[in-house]
Number of protein chains: 2
Amino acid sequence: MSENMSEKQRPETDPEAVEEHRDIYGEDGAIRASFLSHIGAAIADRDVLALRADVADLHQSELGDLLEALLPEQRQALVSLMGSDFDFTALTEVDDTIRAQIVESMPNDQIAQAVQELDSDDAVYILEDLPIEDQDEILAQLPFTERVRLRRSLDYPEETAGRRMQTEFVAVPPFWTVGQTIDYMRDENELPESFSQIFVIDPTFRLVGAVNLDRILRTKRPVKIEEVMHETRHAIPATMDQEEAAQVFEQYDLLSAAVVDESERLVGVLTIDDVVDVIQQEAEEDLLRMGGVGDEELSDRVLTTSRLRIPWLFVNLGTAFLSASVISLFDGTIEHMVALAVLMPIVASMGGNAATQTMTVTVRALATRDLDIYNAGRIIRREASVGFINGFIFAVLIGIIAGFWFSDFQLGGIIAAAMIINMMAAALAGILIPLCLDKAGADPAIASAVFVTMVTDVVGFFAFLSLAAWWFNLW
Amino acid sequence: MSENMSEKQRPETDPEAVEEHRDIYGEDGAIRASFLSHIGAAIADRDVLALRADVADLHQSELGDLLEALLPEQRQALVSLMGSDFDFTALTEVDDTIRAQIVESMPNDQIAQAVQELDSDDAVYILEDLPIEDQDEILAQLPFTERVRLRRSLDYPEETAGRRMQTEFVAVPPFWTVGQTIDYMRDENELPESFSQIFVIDPTFRLVGAVNLDRILRTKRPVKIEEVMHETRHAIPATMDQEEAAQVFEQYDLLSAAVVDESERLVGVLTIDDVVDVIQQEAEEDLLRMGGVGDEELSDRVLTTSRLRIPWLFVNLGTAFLSASVISLFDGTIEHMVALAVLMPIVASMGGNAATQTMTVTVRALATRDLDIYNAGRIIRREASVGFINGFIFAVLIGIIAGFWFSDFQLGGIIAAAMIINMMAAALAGILIPLCLDKAGADPAIASAVFVTMVTDVVGFFAFLSLAAWWFNLW
């Protein structure tokens, strides 16, 4: 999509500009300090000509990176200095927080002006985070067709295909010939910026098929579209969750797909570039959730970040006190044998690590749908076996080290036995907890870690201290 | 790509077949048990006709899912029963281990036969994991052009653009007209399965530009290609790492890109569907590495899995004994005050969690290049502040609970002070350790967790126990 667009914006790209342009990134992939200070100086001098020369040529994602590297006040100054030369698609490439800062600093009529230049999916991306009143005021200033289109997209729930779709597309009736279709595209000025397939619709806008552009180019002019079209087996309902839509794209290697409303009427097109963003986002979400952070962004402020992280720490506080109370059951035992206090974190920590390994594999397999009822039994058996084998290996190791350290091989035997028990518990917790959360409809990425480490801490401390209390008869 | 292909394979898709076909997945996204047992029975009966009816129509990814759901011996039976009706592209959709099992069970001449039907990128995907002798034997049975093409791809190192590229593409000289180009495509039978742009080359095969298909369709026949082509600013060197190539695709929203050799000659094309796989793989790698598991697959056997996980457990063993030796410095103190042994895991665990939060955000920001020299200072300050604020909040909470529990508010004050210290250490370790690893050229996802929890354990135990020893004068 962008290649075509960048070409439009730069009809006469001279080689030098390209060279300079490639140069904005340094070796480390970050924007060069020299380029940044150059832009900073131009902003400070309010040198609009210099800014236009350097910034108007940038690709939207490069401009986005530049905005992120600037200071907040520089960002707003750059946007207002560039005026209508500012490429608003760049705002789809920056952090939510930065986009909000920039958009909120602009008057609504300027946003309305800017939004008209954008593809509908980019316009929606910028509008959707604004307060409803601002959205209404901006939409009121748009021409009728555009207002209706954007309103329809915005009316679909967040994170659905309807929100992400582009409402500009090419659609022709099935009885047209390839020649007619090509002539139409040559004469029509209101085509989308770029497209890779043409949809085929009946008079009521109901979707009947699609043709890839290469198919059209290979076919003689008199052939009818209905003869070369294929059935659109993967039309996406507008209310489908974007993650589900991304899975359809991935499974069937689609480049674009028709989006249809509840009566199967074509309302838009979802393209692979938006889907790639969704895939990235979802992978990122899983990673962040497993690390105990939610929808946090690097540009969030201290208090926001702090607040977002507290719930998880709070839950951990509960499980930490639970472990502490397990230990306190054995305070008499520890008083008689302080070595137990020294060694007990080893049992818990090794169990925690083994469980995290199993849990990570399980959560990922659930996310990619690689784990299902056909292999769950086999995988559970495999994890239990791995837990036993690795438990045994490390039990022997730790037993020997602890035995030498405290010159007490009975103690070494006790810690070895506790290790085997905890590693088995770790393996089972690591797979069963995410599986059960998934079955119960919860997101295994978000809640597994806390339950899993709770199990390995409690089992680890209890197994080690109770075995020791029983063996040495210390209660 | 696939849409076009599936259409070719099924020129007359009747609606019933489509219905049945959509039906192979159940509500939970896994293959229906009824479908699976039906296929299982057909395999057992060696009922080739039934298999063809049910399997030949499946999309490559559906057939891949089916293969994964079958038992190993069923997979091989299915492939051999289907013979030349088996869609070999399905092998690009299954686990490495399963692909290896299936391919190794096939005679080399059958593989050679199958590989000829595939796009070059799929063929390379299947060939690259075979032993060199088998590769040579298979290549020797292919026609000259195909042998040369596949050999060239295989000669590029693993995980480069050259390995992933498709060597089939459409290229025309710049002086051709749009009309000539369309006529060429209508008459030429040896075009790739599907494509979304045409490359423009000089007589020595050097790349001079590209045209998107929609551009050609919008342009009148007499216009010269050089007038509508755009410069290919994002040509990918064949030796570029696939992850880097994926970043170029993502940054510039490309659908396909030319792959060039060291003298800028066009050798292939990289398409977004391959890149989506790379993006998925890389996101998965980060997640698995942070969880302490390497390139593990769900289909790996017990001993492989066990062996892959041992190194990380081994490193954790070292850090666990380090923490234990910190505790052992204070064995006299603990003997006098067992409450310390009960409470100390709380300090370490809360620090570990806070550090994991910071580390997760940092590792992800480094992977997506959102963290660079321009914001590192600001992010470090932000994390330290968050650490202090959350440290303070939980210090007060834990201090009060511990004070009531042991009826000792001096002890509550000690644990509160230790908490603040450890939460600050956690914040700094969580950001500085991944940053330093990244600067040193190591993968922060793989090694951060172990160093970070080492810091929070050691600092947590030491701060709490030494403060208590000093305050209560217990050495």
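No lab work stands behind these numbers, since they all come straight from the coordinates. This one's a predicted model, so the numbers in the text were calculated from it and none came from an experiment. All Cβ positions, even for glycine, are placed from backbone atoms using ideal geometry, and neighbour counts span all protein chains on display.
For segment B:136-276, treating each Cα as an identical point scatterer without solvent, what Debye log10 I(q)/I(0) comes out at q = 0.10, 0.12 1/Å?
-0.35, -0.50
Leaving out same-chain residues fewer than 8 places away, which aspartates and glutamates sit with a Cα under 18 Å from that of A:K439?
A:E244, A:D286, A:D370, A:D372, B:E27, B:D28
Give the average, rounded to an integer, of partner chain Cβ atoms located within 10 angstrom of each Cβ in A:214-227. Each step should come with its number before you reach the end.
Working: counts 13, 6, 5, 13, 8, 3, 3, 2, 0, 0, 0, 0, 0, 0.
Counting Cβ atoms of other protein chains within 10 Å of each residue's Cβ and averaging gives 4.
Label-to-label distances across copies for A:D47, with labels 7 Å out along Cα→Cβ, in nm, shortest first?
Sorted ascending, the copy-to-copy spacings read 8.0 nm.
Rg and Dmax of segment A:2-159, Cα atoms, in Å?
Taking only Cα atoms of segment A:2-159, I get Rg and Dmax of 16.3, 48 Å.
Tell me what the protein assembly as shown gives for mean residue ellipticity at 222 nm when only DSSP H runs of n ≥ 4 count, each as -39,500 (n - 2.57), the sum divided by the residue total, rounded to 500 deg cm²/dmol. All intermediate terms of the calculation are to be shown ahead of the outcome.
Values: 46 runs with 618 residues, N = 950.
-21000 deg cm²/dmol, from helical runs alone.
With loop defined by DSSP as not H, G, I, E or B, and exposure as at most 13 other Cβ atoms within 10 Å, which is the longest segment of chain B clear of exposed trypsin sites (Lys or Arg not before Pro)? Walk me through the numbers before you get to the answer.
Details: sites that count: B:R46, B:K220, B:R301.
Here the longest run is B:302-475.
From other protein chains only, count the Cβ atoms within 10 Å of every residue's Cβ in A:361-367, then give the mean.
Details: counts 10, 2, 2, 8, 2, 0, 3.
Mean shielding by partner chains, rounded to a whole number: 4.
Ordered by residue, what ³J(HN,Hα) values in Hz, to whole numbers, does segment A:365-375 give under the Karplus form 6.51 cos²θ - 1.76 cosθ + 1.60, where θ = phi - 60° and Gly and Pro are x?
5, 5, 5, 8, 6, 7, 10, 8, 4, 6, 10
Compare the peptides A:274-280, A:430-436 by average per-residue count of other Cβ atoms within 10 angstrom and give them in order, highest first.
Values: A:274-280: 21.3, A:430-436: 23.1.
Peptide ranking by packing, descending: A:430-436, A:274-280.
Over the Cα atoms of segment A:302-471, each weighted equally, I'd like the Debye log10 I(q)/I(0) at q = 0.14, 0.15 Å⁻¹, rounded to two decimals.
-0.76, -0.85
Could you pull out every residue, at least 5 positions away or on a different chain, whose amide H is within less than 5 Å of the one on A:T160? Hs are placed 1.01 Å off N in the peptide plane, and Pro or chain starts have none.
A:Q242
Which loop-located GluC sites (Glu not before Pro) does segment B:169-251 contain, where loop means any DSSP state but H, G, I, E or B and the Cβ has at most 16 other Cβ atoms within 10 Å? All intermediate terms of the calculation are to be shown ahead of the outcome.
Working: sites: B:E188, B:E190, B:E193, B:E226, B:E227, B:E231, B:E243, B:E244, B:E250; in loops: B:E188, B:E190, B:E193, B:E231.
Within segment B:169-251, the qualifying GluC sites (Glu not before Pro) (loop, at most 16 other Cβ atoms within 10 Å) are B:E188, B:E190, B:E193.
Using just the alpha carbons, could you tell me how many Å³ per residue the convex hull of the protein assembly as shown encloses?
Values: hull volume 170.0 nm³, N = 950.
Hull volume normalised by residue count: 179 Å³.
At each listed q (0.17, 0.26, 0.29 Å⁻¹), what is the log10 of I(q)/I(0) that the Debye formula gives for segment A:268-336 modelled as equal alpha-carbon point scatterers?
Here the Debye-derived log intensity ratios amount to -0.79, -1.09, -1.17.
Per residue of B:289-299, count partner chain C-beta atoms within 10 Å of its C-beta, then hand back the mean as an integer. Don't jump to the answer; show the numbers that get you there.
Numbers: counts 1, 5, 15, 6, 7, 1, 0, 4, 3, 11, 5.
Per residue, the average neighbour count from other chains is 5.
Mind listing the phi-derived Karplus ³J(HN,Hα) values for segment B:451-468, rounded to whole Hz, using 6.51, -1.76 and 1.60 with θ = phi - 60°, and x for any glycine or proline?
5, 5, 5, 4, 4, 5, 5, 5, 5, x, 5, 5, 4, 5, 5, 6, 4, 5
Taking Cα centroids, how far is segment A:337-396 from segment B:403-448 in Å?
25 Å
Output, in nm with one decimal and in ascending order, the distances from the B:D295 label point to the matching label points of the other copies (7 Å from Cα along Cα-to-Cβ).
3.6
Run the label-point distances for B:D129 please: 7 Å along Cα to Cβ, every other copy, nanometres, shortest first.
So the label point of B:D129 gives 4.1 nm to the other copies.
Give me D for chain A in µm² s⁻¹, whole number, from Stokes-Einstein with Rh from the Kirkwood sum over alpha-carbon pairs, 25 °C and 0.890 mPa s. All intermediate terms of the calculation are to be shown ahead of the outcome.
On the way: Rh = 27.1 Å.
My calculation gives 91 µm²/s for D.
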